[in-house]
Amino acid sequence: MYKVFSSFTASVLATSLALAFPAHAANAAAPIVQEAPLRAHLALLASDALEGRGTGQRGGDLTVAYLESQAIVAGLQPVRGGSYRQSVKIAGVKVLPAESSIHLQAGGKTLPMSYGQDWVWMAGDAKPSRTLDAELLFVGYGISAPEEGWDDFKDVDCAGKVLVMMVNDPAPTAAEPHRFGGKALTYYGRWTYKFEEAKRRGAAGVLLIHTNASASYGWNVVQSSWGTSERFQLAEGRIGTGMQGWITDAAARALAGAGGQDLDALRAAAERKDFRPVALNAKVAGEMKSAVRAVEQFNVAGLIPGTDPKLKDEVVIYSAHWDHLGVQAGSGDTIFNGAVDNASGSAALLAMAREAALKPAKRSQMFLWVAAEEQGLLGSAAYASSPLWPLDKTAANLNLDSLNFVGATRDIGVDGSERSELGQLARQVARRMGMRIAKSEPDLAGGYFRSDHFSFAKAGVPAFSIEAGRDYLKNPQASQAKAAAYEARYHQAGDEYDPSWDLSGMTQQAQFTLNLGQAVANGVKMPQWKAGDAFGKVRGAK
């Protein structure tokens, strides 16, 4: 547990950073991100003083207050009205497994399923109590994609049923090597899409079958994110199915077997276009109880107005999510500090804003810290549905999530930029910085759909997240090992700030992002999506 300061000291630091890092001269040649303020912000945001920045927790409220004060110190203006805050109304749902009687039946028998160990579930519609007596229907990947000629549902009525689905999307074949993005994961493979599709079909719920390979993370991540900790959903608009949950591979095998089915055979059938849903001779029954509360969280936004009389009506948005998992139940270290994920991105935005305010661009620039990303991109989704700036006047969104804490690199990751003209611009910026674009790998984990830029992309705004490079300047092998070791700390209490970190790479990543944003902000025209891109069609339809 990394302890920096008390809550009192946190409030003192909020006002003292301006004195510790005085503003540069107004005639500075270009905005240059400074490591010292970045480190100071990172140390505080990741400290126990902010209690893991949990959604609906005191640490989250403290974080918003800190970001708001530092936006003022950096010289940012409110985007709309006199406030730096944008309200995000959400519902907090905490599962009460001990008070619930929900269970699985198959082949006429109740299966011994332990909550947390074998399966997890929650109320996707934020109802405190729900009684279920619903048949289980295996629907393969749960995908309906007309452009792929794919329909897992056929003409089967899913209303009132709990749909059992595989995570990810159909694998490419020799005959169709590029179906569903080839090796890369498409949005159809994301669990968020699967919940959305089930809702559209009137299902009572969803159970996703977890494997490390298909989800790209272990069951421990599901446990920490979905277990007995409070989860959140938007209170307005996007309401889910009554039951949303995950089941382990072993438990799913037992479930299928008890109902007379073989899970491997079902999976094999689901890889074909002629697959039809299969009733599992099983059901979910009992009462599911949850503690539900209304929570108001906030996105924090600050603006640097543009200097060009016409182009100032258009904006470039830099974003990062301020939240992490907060204080969790249990013994030992219960604060999930989230130093890399994503105190790093939030700190970088503060350091970038301080410099950008000294050198305004032709277009306006917005610095946006969004809430509740860990709960399903809720803050950015709320922004996209009620934007502070017209989306058709938003030139680009550049997002920062989990930055390079290892050291400076020769390359920079820009996966997703190739969808739009941002890709070519990113290459030009990297070249001017003496860097190169990192080799693109198949997006097996669906990273493009898991960060806040995706909320903007879905709304038609060219957007992607700038990622850390891997070609380290110093001690390449040791540095790569250090970066790889972070996987074990992801979404765990061990994601803590270390004062010995070499932040040259983090500063470099922030500088690249700011340089790219300035290039967009000073460009002749707004970047366009590549022809045929699905998200480009969204903007074109508006």
Residue order, fewest to most beta carbons within 10 Å, for 64, 139
64, 139
So which lysines can residue 474 reach, going by Cα to Cα under 22 Å and dropping same-chain residues fewer than 8 places off?
439, 482
Once you wrap a convex hull around the alpha carbon atoms of the stretch 231-299, what is its projected area averaged over all directions, in nm²?
7.8 nm²
Can you work out the FRET efficiency for the pair residue 444 and residue 87, with r the C-beta to C-beta distance and R0 = 35 Å, to the nearest 0.05?
0.45
Over the Cα atoms of the stretch 32-161, how large are the radius of gyration and the largest Cα-Cα distance (Dmax), in Å?
23.5, 67
For the residue 385, residue 265 Cβ pair and Förster radius 45 Å, calculated FRET efficiency rounded to 0.05 is 0.60
Peptides 243-256, 437-450 ordered by average Cβ neighbours within 10 Å, highest first
243-256, 437-450
Square roots of 5 times each gyration tensor eigenvalue, C-alpha, the stretch 93-292, largest first, Å:
26, 19, 16
Expressed as a rounded percentage, what relative contact order does the stretch 461-541 have, with Cα pairs under 8 Å and six or more residues apart?
42 percent
Run the simple label-point estimate for residue 524 and residue 72 please: 7 Å along Cα→C-beta, distance reported in nm.
4.3 nm
Residue 58-residue 436 pseudo-label distance in nm [points 7 Å out on the Cα-to-Cβ vector]:
5.2 nm
Helix 191-200 versus the longest principal axis of the chain: what is the Cα-based angle in degrees, 0 to 90, to the nearest 10?
60 degrees
When you count, for each residue, the other Cβ atoms within 10 Å and take the mean per peptide, how do 457-463, 227-233, 338-344 rank with the highest first?
338-344, 457-463, 227-233
Using Stokes-Einstein with the Kirkwood hydrodynamic radius over Cα pairs, what translational diffusion coefficient do you get for the stretch 354-466 at 37 °C and a viscosity of 0.692 mPa s, in µm²/s rounded to a whole number?
214 µm²/s
Using a cut-off of 24 Å between alpha-carbon atoms, which lysines can reach residue 310, once sequence neighbours fewer than 8 places away in the same chain are excluded?
359, 362, 393, 525, 542
Given only helices, namely DSSP H runs of n ≥ 4 each adding -39500 (n - 2.57), what is the per-residue ellipticity at 222 nm of the chain, to the nearest 500 deg cm²/dmol?
-8500 deg cm²/dmol
What does the extension gain come out to for residue 327 and residue 475, with contour length at 0.36 nm per residue minus their alpha carbon separation?
49.7 nm
Highest-first arrangement of 216-226, 403-413, where packing means the average Cβ count within 10 Å
403-413, 216-226
Taking only pairs that are 8 or more places apart or on different chains, how many Lys pairs in the stretch 93-292 have Cα atoms under 13 angstrom apart?
7
Give the order of 378, 266 when sorted by the count of other beta carbons within 10 angstrom, beginning with the fewest.
266, 378
With θ set to phi - 60° and the Karplus curve 6.51 cos²θ - 1.76 cosθ + 1.60, what are the ³J(HN,Hα) couplings of the stretch 48-55 in order, to the nearest whole Hz, using x for Gly and Pro?
5, 4, 9, 6, x, 6, x, 5
Computed Kirkwood radius, in angstrom, where 1/r is averaged over Cα pairs of the stretch 414-468
11.8 Å
Note down the nm distance, to one decimal, between modelled labels 7 Å out along Cα→Cβ at residue 428 and at residue 101.
6.7 nm
Radius 14 Å from Cβ of residue 398, net charge of other residues (Lys, Arg +1; Asp, Glu -1):
-3
Taking Cα atoms, the helix 249-258 axis meets the longest principal axis of the chain at an angle in degrees (rounded to 10) of 20 degrees
Multiplying the sequence separation of residue 110 and residue 253 by 0.36 nm and subtracting their Cα-Cα distance, what value in nm do you get?
50.0 nm
Computed from the beta carbon distance with a Förster radius of 25 Å, FRET efficiency for residue 133 and residue 200 to the nearest 0.05 stands at 0.65
Quote to one decimal, in nm, the extra length available between residue 484 and residue 80 on full extension: 0.36 nm per residue of separation minus the C-alpha distance between them.
141.3 nm
By DSSP, what percent of the beta bridges with both residues in the chain are antiparallel, rounded to the nearest 5?
60 percent
Ratio of the Cα radius of gyration of the chain to 2.2 N^0.38 Å, where N counts its residues
0.97
Using the alpha-carbon atoms, what tilt in degrees (0 to 90, nearest 10) does helix 476-485 show relative to the longest principal axis of the chain?
50 degrees
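Laboratory data are not the source of any read-out in this text; all were calculated from the coordinates shown. Note that the coordinates shown come from a computational prediction; the quantities given were computed from them, not determined experimentally. Glycine also receives a Cβ, built like all others from the backbone with ideal geometry; neighbour counts cover every protein chain displayed.
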